[in-house]
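Colleague: Provided herewith is a single structure, encoded as structure tokens, for subsequent inquiry.
The values are calculated or read from the model by the stated rules, or taken from the named source; none is laboratory data. None of these values were measured; they are calculated from a predicted model. With ideal geometry, Cβ positions are generated from the backbone for all residues, glycine too; neighbour counts draw on all protein chains shown.
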Amino acid sequence: MFMFKKILILLITFALCSSYAFADKSIWVEETWGRIDREVDCDGISLLIHARVLSVPDEVEACEYQMDNLSNEFMNQIRNKVDWAALGCDTSNGKWRAPSKAWPEYIFLSEPDIYPSCEIRSNCRLQIDNMSSGYLRASEPLVYTNTELIEIKDISNDYIMSQAEMIASECGIQLGNILRVGQCDDVEKIHHDLIIAAESAGRNTDIDVETAAGYVFADVIYPVYFNGLRLYSGDQVSTSEEYWIPDMHMRVAVTAGRGLLSVDSPLIDSNHMKAVTEMKPVISVEEVLRCMENRYSSIYRPDLKSVTVQTLALEYVPISKIDSSSKGFTLYPAWVAQTNEKWLDESGELWDWVGYEAYDARTGEVIF
């Protein structure tokens, strides 16, 4: 009877998670967010909880997964399967370089130019650069905000979504709500940054303002779901033990006049991702918030004045504790918080730090 009940709970949980993950179209996950607001004094450190909280099914359970690096065979299949032209990448002039021990990725090398370029990386990433993107990073930093509206001339939400859908379909992933947005329609600034980027690459700098207007861009980051699991969407790249945490969100940049500029997306082989621990219940949001309170109450950092919890979501964090070039990653279920910390420097000025914290979703133990 107990075993039957256990199996029934697992089936219900799977059904809920499946409907949660495959809502609306096959690409878009219908996320539901709640909100928690309160403030706690953690022995001198103000823990300000003003957080959007991602809703998950009741009685959900989680386990760890092993996510292997991509095999040469799988990368070759992707190379032959992807519609590169639809992604703005003309592969008719150039050649593919097969993986080697020294360079474990498929790379498209354009001829005679250096763009477009494509990389299918063994560490579960797909990257495309259809033109130089150096100016993109220089023109506008990402705005850390949750938004459903891109307000920039000649680039519509629908167009960005269509590009994101196409990439997600090619990579076999799903997407949640927009996480962060960078955008720039300052043509004079883009013109200047294009010239600087061209000079640094030793390329032609004969770029006029009219040409620069076509480079007005939106740079958008989405959270990624794979097999119903929301993957880690933050920017933390290592733990305190210096274990590597790879990016798992999808980043896509589109221009007003030149189409898709760049793509950086997870690419996972479902045949080489498997559960490695038993399913266990996920702790509640209130429990993880208590873990955060205990964490800050137990440390002595007089220069840390406050920590504001902005978002809290159940995600699977990939961590490499071994040679990532050959063994892949372990995915840990975690409650991940995006925080904003206020620190007091030696001059008495307050400065902000946007960071991420992860707590094991089964035990509450600190991951990073």
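Colleague: Is there any pair with a first residue in segment 173-189 that is in the same structural domain as residue 315 (by TED's automatic domain parsing) and a second that is among the acidic types (Asp, Glu) whose Cβ atoms are under 8 Å apart and which are 6 or more apart or on different chains, and what are they?
Modeller: Close Cβ pairs (under 8 Å, with a partner that is among the acidic types (Asp, Glu)) do not exist here.
Colleague: Looking at 345, 269, 264 in this structure, which one is among the charged types (D, E, K, R) and touching a helix residue (DSSP H, G or I) at 6+ places or on another chain (Cβ under 8 Å)?
Modeller: Going through 345, 269, 264 in turn, the sole match is 269.
Colleague: Run down 167, 150, 195 and say which single residue is modelled with pLDDT under 85, in contact with a helix residue (DSSP H, G or I) (Cβ under 8 Å, 6 or more places away or on another chain) and β-branched (Val, Ile, Thr). Break it down into steps so the answer makes sense when it comes.
Modeller: Working: 167 fails: modelled with pLDDT under 85; 195 fails: in contact with a helix residue (DSSP H, G or I) (Cβ under 8 Å, 6 or more places away or on another chain).
None of the others qualify; the one that does is 150.
Colleague: Additional query: Within segment 309-331, restricting attention to residues that are outside any loop (DSSP other than H, G, I, E, B) and in contact with an Asp or Glu (Cβ under 8 Å, 6 or more places away or on another chain), which residue is surrounded by the fewest Cβ atoms within 10 Å (Cβ to Cβ)? Explain how you work it out, then say what you get.
Modeller: Filtering segment 309-331 down to residues outside any loop (DSSP other than H, G, I, E, B) leaves 309-320, 324-327, 329-331.
With in contact with an Asp or Glu (Cβ under 8 Å, 6 or more places away or on another chain) added as a condition, the list becomes 327, 330-331.
Values: 327: 13, 330: 19, 331: 25.
My answer is 327.
Colleague: Something else: Search segment 102-139 for residues being within 24 Å of residue 216 (Cα to Cα) and among the small types (Gly, Ala, Ser), and hand back the single one that is surrounded by the most Cβ atoms within 10 Å (Cβ to Cβ). Walk me through how you get there before you give the answer.
Modeller: Just the residues of segment 102-139 that are within 24 Å of residue 216 (Cα to Cα), to begin with: 113-118, 126-139.
Those left that are additionally among the small types (Gly, Ala, Ser): 117, 132-134, 138-139.
Details: 117: 18, 132: 18, 133: 18, 134: 17, 138: 17, 139: 22.
Top of the filtered list is 139.
Colleague: Taking the options 331, 304, 344, 267, name whichever one is in the same structural domain as residue 243 (by TED's automatic domain parsing) and either in contact with a Phe, Trp or Tyr (Cβ under 9 Å, 6 or more places away or on another chain) or within 25 Å of residue 173 (Cβ to Cβ) (or both). Step through it out loud before you land on a result.
Modeller: Details: 331 fails: in the same structural domain as residue 243 (by TED's automatic domain parsing); 304 fails: in the same structural domain as residue 243 (by TED's automatic domain parsing); 344 fails: in the same structural domain as residue 243 (by TED's automatic domain parsing).
It is 267.
Each row is one residue, and each column tells you yes or no for (1) closer than 30 Å to residue 270 by Cα; (2) touching a Lys or Arg at 6+ places or on another chain (Cβ under 8 Å).
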{"residue": "188", "(1), (2)": "no, no"}
{"residue": "213", "(1), (2)": "no, no"}
{"residue": "221", "(1), (2)": "yes, yes"}
{"residue": "237", "(1), (2)": "yes, no"}
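Colleague: Right, next: Please specify each residue of segment 187-227 satisfying the condition of being surrounded by fewer than 16 Cβ atoms within 10 Å (Cβ to Cβ) and in contact with a His (Cβ under 7 Å, 6 or more places away or on another chain).
Modeller: Result: 209, single match.
Colleague: Something else: Kindly list, by first and then second residue, each pair from a residue in segment 290-302 that is assigned to a helix (DSSP H, G or I) to a residue that is crowded, with 17+ Cβ neighbours inside 10 Å and of a type in the set (Val, Ile, Thr), limited to pairs with Cβ atoms under 6 Å and residues at least 6 apart or on different chains.
Modeller: 296/45
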